[in-house]
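Each remark here refers to the structure printed beneath this line.
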Protein chains: 2
Amino acid sequence: MMASQANLAVIRMGDVVREEASRRGVEITDEAVGGMAHREREIHGPDIWARRTVERAPSDRIVIDGIRSLDEVACFRETFGDALSVVAVHASPHTRYRRIAKRQRRDDVITEEELRVRDRRELRWGLGEVIALSDYLIVNEGTLEDFREATRRVLREVFG
Amino acid sequence: MMASQANLAVIRMGDVVREEASRRGVEITDEAVGGMAHREREIHGPDIWARRTVERAPSDRIVIDGIRSLDEVACFRETFGDALSVVAVHASPHTRYRRIAKRQRRDDVITEEELRVRDRRELRWGLGEVIALSDYLIVNEGTLEDFREATRRVLREVFG
């Protein structure tokens, strides 16, 4: 949202995956789409979704959301060279848990332990390594306004 | 250093490894010590150095330096429970490169590409996942004094 305010095109890698799923008639559930994404990585290589994302990039003044691995970063680096900046956002598990719990309906409660298990699963593609080697890291422990301000600052630094 | 000023015991996991190497008569080079550390992980499990570190912990008012994987975090969590806080420090590869280049002697220069290769190697134990799931994240892009101030703030929050 902030990126589109700044007149930057935003490409969500999740959308690239979901649109491909839809084109193939895959049911749009987390499990079915995730399974298709996984099989495509096994068949075409771990950076397949990055390569398909690059095909849609109109220029290098874009924000790509949803990077999951250093293989994907390598693909974007090959395409965009020094114009690429990797921006990570971090909040502690406890803070993320508090935020999720606040939004949750009573019949759909996730425990802190379940969040921990899900986190470990989602890190299996190598997202942790992307964060460790990111060019900018936004610590998101404060208010939404703090986060917006930090994001604006990074967008200004990256895009001038 | 900041932790010892705050009257906290500091245990460096690297020292635990080096002392074990020394006790066994292993040559104290990065390669030989690293090889020994690696073999011990394969024989005794990925958290062996955490378990040996715990044996030396006088209390839970300590700072443990050098965590490398979520297996080690799990070992510390089992020992210290909710008293455990994981603190990560992040600087971008470019910032770290500038700092290294500044301190380097002319005959011992590492290129930015070599740093990238070394980083990927050092992340193989899962340090990125530790950073991703850390309780506190200190962004170290500013001056040494900025970093000290941020560290003091975290130590105060953790130890009261």
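Throughout, read-outs are computed from the coordinates displayed, never taken from laboratory work. Here the structure is a predicted model, which is why all the values come from computation and not from measurement. No Cβ is skipped: glycine too gets one built from the backbone with ideal geometry, and neighbour counts run over all protein chains shown.
In what sequence, highest mean first, do B:124-133, A:118-127 appear when ranked by Cβ atoms within 10 angstrom?
Packing proxy ranking, top to bottom: B:124-133, A:118-127.
Given contacts defined as C-alpha pairs under 8 Å and at least six residues apart, what's the relative contact order of the stretch B:33-114, whole-number percent?
For the stretch B:33-114, the relative contact order is 21 percent.
What is the local net charge at B:GLU112, summed over the other residues whose Cβ is closer than 10 Å to its Cβ (Lys, Arg +1; Asp, Glu -1)?
That works out to +1.
On the rotation axis linking copies B and A, which residue of B comes nearest by its Cβ, and by how many whole Å?
B:GLY128, 1
Label-to-label distances across copies for A:GLY66, with labels 7 Å out along Cα→Cβ, in nm, shortest first?
So the distances to the same position in the other copies read 4.2 nm.
Any idea what the relative contact order of the stretch A:1-150 is, in percent, if you count C-alpha pairs under 8 Å spaced at least 6 apart?
RCO, the stretch A:1-150: 25 percent.
Using θ = phi - 60° and the Karplus relation 6.51 cos²θ - 1.76 cosθ + 1.60, list the HN-Hα couplings for the stretch A:118-134 in order, rounded to whole Hz, with x at every Gly or Pro.
5, 4, 4, 5, 6, 7, 5, 6, x, 4, x, 5, 4, 5, 4, 9, 6
Under the rule of at least 5 residues apart or a separate chain, name every residue whose amide H is placed under 5 Å from the amide H of A:VAL89.
A:ILE138
Per-residue mean of other chain beta-carbon atoms within 10 angstrom of the beta-carbon, peptide A:136-143?
Shielding by partners across A:136-143 averages 3.
If you count, for every residue in B:115-126, the Cβ atoms of partner chains within 10 Å of its Cβ, what is the mean?
For peptide B:115-126, the averaged partner shielding equals 2.
Test of understanding: extend the Cα→C-beta vector of B:GLU40 to 7 Å, then name every residue of the stretch B:76-106 with backbone N under 16 Å from that spot.
B:76
Which distances in nm, rounded to one decimal and ordered from shortest, link the label point of A:ARG153 to the equivalent label points in the other identical copies, with labels set 7 Å from Cα toward Cβ?
1.0
Compute the label-point distances linking B:GLU78 to its equivalents in the other copies; points lie 7 Å from Cα along Cα→Cβ; give nm, one decimal, shortest first.
Computed spacing set for this position: 4.2 nm.
Along the stretch A:28-45, what does the Karplus equation 6.51 cos²θ - 1.76 cosθ + 1.60 (θ = phi - 60°) give for ³J(HN,Hα), rounded to whole Hz, x for Gly and Pro?
Each residue of the stretch A:28-45 in turn: 8, 10, 3, 5, 5, 5, x, x, 5, 4, 5, 4, 4, 4, 5, 6, 9, x Hz.
May I ask you to work out the translational diffusion coefficient for chain A at 37 °C, viscosity 0.692 mPa s, via Stokes-Einstein with Rh from the Kirkwood sum over Cα pairs, reported in whole µm²/s?
Diffusion coefficient, whole number: 189 µm²/s.
Based on the Cα coordinates of the protein assembly as shown, what is the per residue volume of their convex hull in Å³?
184
Place +1 on the Cβ of every Lys and Arg and -1 on the Cβ of every Asp and Glu in the protein assembly as shown, take the dipole about the Cα centre, and give the residue among A:TYR136, B:TRP125, A:VAL154 whose Cα lies farthest towards its positive end.
The Cα lying farthest towards the positive end belongs to A:VAL154.
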